[in-house]
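S.K.: Quick one: the structure is below, questions incoming.
The values are calculated or read from the model by the stated rules, or taken from the named source; none is laboratory data. Everything numeric in this text was worked out from a predicted model, so none of it was measured. Quick reminder, even Gly has a Cβ in these numbers, built from the backbone with ideal geometry, and neighbours come from all protein chains shown. These area figures cover heavy atoms from the full protein model, side chains too; ligands, DNA and RNA do not enter into them. Shrake-Rupley method; radii C 1.70, N 1.55, O 1.52, S 1.80 Å.
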Amino acid sequence: MTTVLKASPRQFVATPAVERVALRAFRYLQSGYSVHLRGAAGTGKTTLALHLADLMARPIMLIFGDDEFKTSDLIGNQTGYTRKKVVDNYIHSVVKVEDEMRQHWVDSRLTLACREGFTLVYDEFNRSRPEVNNVLLSALEEKLLVLPPNNNRSEYIRVSPHFRAIFTSNPEEYCGVHATQDALLDRLVTINMPEPDELTQQEIAVHKTGIDRESALIIIRLVKAFRTRTGNEKASGLRSSLMLSKICLEHEILVMPENSEFRDVCQDILLSRAGLPIDEATSILWNIFNEMIQADVMQSHQVNQGHLVSEPIAAASPSEVGASGLAIDHAPQARIIPKSAAAEAEPAAEFELTAVVEDDCSSDLELPAESQESGGSSNSPVENFPPQTSGSAFAIAQKPRKK
């Protein structure tokens, strides 16, 4: 029995970067071409493939590539026997016996998808051997699926015009990945999936785990800095960020480099992915922790002096850090929109990280990470940062103006 799937989009995060890729891929599918999503592990290829399949509004056949696959695992095989025996003893002195055995053909996922016009999602198809995927060549180009000879059925199946295929693959330097034949790649529209941008990773962490945006941003920047300094660019850091976000949220661990519990969780999750000796990777991670702490101290000192940063600080490369070891690319920024401007502001977009102050007498207000500006026409005094009581990076308190 073959199971047919129907995708239900659950917490699919659509940022502008994701929507651009999804729109292009969906256009190719609507024009009748198959799509190939290629990229490093953790870039969201499978999630996007299932989202595209759901947009096609057709039942889904899901296949995962495997080095042990044979062609019969894609198209089907002879299975089981039917035995028929007839004993004719109409004349008592004559006994007639007929014995017949017949095999049954059972369609596999590719055959069923081609015949019924389903959407095929072939995840990590290049983990199957190239000769196994040769059966796809005629199905994608000539729209004809060739089956083994059999007396009980046709050897050819005309592919339904509604059939579409979505492939995903990892780079060939990955372990267990085979090179893809040029003839198959020539029949596909290949989209290279890059590392998700910072906004996309932040929104995914917030929607998948429920963590606040400030903590999610700290985790994402920490993971990105660690991957950059260890030279681990083969895989995305999104999975590591989701693990850290989920664990910290569920166990109420403050996302702060000063927190020993947070540092321990980061070591357990990140050090094994570094690809460097454990001592060297540990030293790099602790240097990043120290730089984040020093950046927070410098940010607090600037606010105490009444100097708010008006523009985001450019990221400092390791060579530009200097003897102090201070890297300011982790320092969160915030922007305050005064009440006079907020009254005329349009509603914020779904992913716009801007907070509007609507009340001059508001209590502590947590703001997202953005550039910091002064209060403008409101001229509200800004106090020092209060002690942190949650996982957010900073909070700004405003006093009510004296009448």
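S.K.: What would the Debye formula give as log10 I(q)/I(0) at q = 0.21 Å⁻¹ for the alpha-carbon point model of the range 127-191, no solvent?
M.R.: The Debye formula, applied to the Cα set alone, gives -0.96.
S.K.: Accessible area, 1.4 Å probe, largest first: how do Tyr122, Tyr156, Tyr28, Tyr174 sort? Walk me through the numbers before you get to the answer.
M.R.: Values: Tyr122 0, Tyr156 125, Tyr28 80, Tyr174 40 Å².
Largest accessible area first, the list is Tyr156, Tyr28, Tyr174, Tyr122.
S.K.: Follow-up. Of the peptides 42-48, 268-274, how do they stack up when ordered by the mean number of other Cβ atoms within 10 Å, highest first?
M.R.: By packing density, highest mean first, the sequence is 42-48, 268-274.
S.K.: With +1 on each Lys and Arg Cβ and -1 on each Asp and Glu Cβ, and nothing else charged, work out how big the dipole of the range 180-294 is about its Cα centre, in Debye to the nearest 20.
M.R.: 240
S.K.: Output wanted: per-residue J couplings in Hz (rounded whole) for the range 110-117, from phi through Karplus 6.51 cos²θ - 1.76 cosθ + 1.60, θ = phi - 60°, x for Gly and Pro.
M.R.: Each residue of the range 110-117 in turn: 5, 4, 5, 5, 5, 6, 8, x Hz.
S.K.: Compare the peptides 165-171, 298-304 by average per-residue count of other Cβ atoms within 10 angstrom and give them in order, highest first.
M.R.: Highest-to-lowest ranking by the protection proxy: 165-171, 298-304.
S.K.: If you plug each phi of the range 214-230 into the Karplus form 6.51 cos²θ - 1.76 cosθ + 1.60 with θ = phi - 60°, what whole-Hz ³J(HN,Hα) values come out, in order, with x for Gly and Pro?
M.R.: After applying 6.51 cos²θ - 1.76 cosθ + 1.60, I find 5, 5, 4, 5, 4, 5, 5, 5, 5, 5, 5, 5, 5, 5, 5, 6, 8 Hz.
S.K.: At 1.4 Å probe radius, can you tell me the per residue accessible area of the range 170-262 in Å²?
M.R.: Per residue, the range 170-262 has 46 Å² of solvent-accessible surface.
S.K.: Given the range 172-275, report the % of alpha carbon pairs whose separation exceeds 18 Å.
M.R.: 54
S.K.: Hey, another quick one. Take a quick pass over the range 10-162 and tell me how many lysine pairs come in under 25 angstrom between Cα atoms, counting only ones 8 or more apart or on separate chains.
M.R.: So the count works out to 4.
S.K.: What net charge is computed for the residues neighbouring Gln201, neighbours being all others with C-beta under 10 Å from the C-beta of Gln201, Lys and Arg scored +1, Asp and Glu -1?
M.R.: Net charge around Gln201: -2.
S.K.: Under the rule of at least 5 residues apart or a separate chain, name every residue whose amide H is placed under 5 Å from the amide H of Leu120.
M.R.: The list, which skips near neighbours in sequence, is Met61, Arg164, Ala165, Ile166.
S.K.: Given a 1.4 Å probe and the protein chains all in place, what does the accessible area of Val297 round to, in Å² to the nearest 10?
M.R.: Its accessible surface works out to 90 Å², give or take rounding.
S.K.: Work out from phi, with θ = phi - 60° and the Karplus expression 6.51 cos²θ - 1.76 cosθ + 1.60, the ³J(HN,Hα) of each residue of the range 133-146, listed in order in whole Hz, and give x for Gly and Pro.
M.R.: Taking θ as phi minus 60°, the curve returns 7, 4, 5, 6, 4, 6, 5, 7, 9, 7, 6, 9, 9, 9 Hz for the range 133-146.
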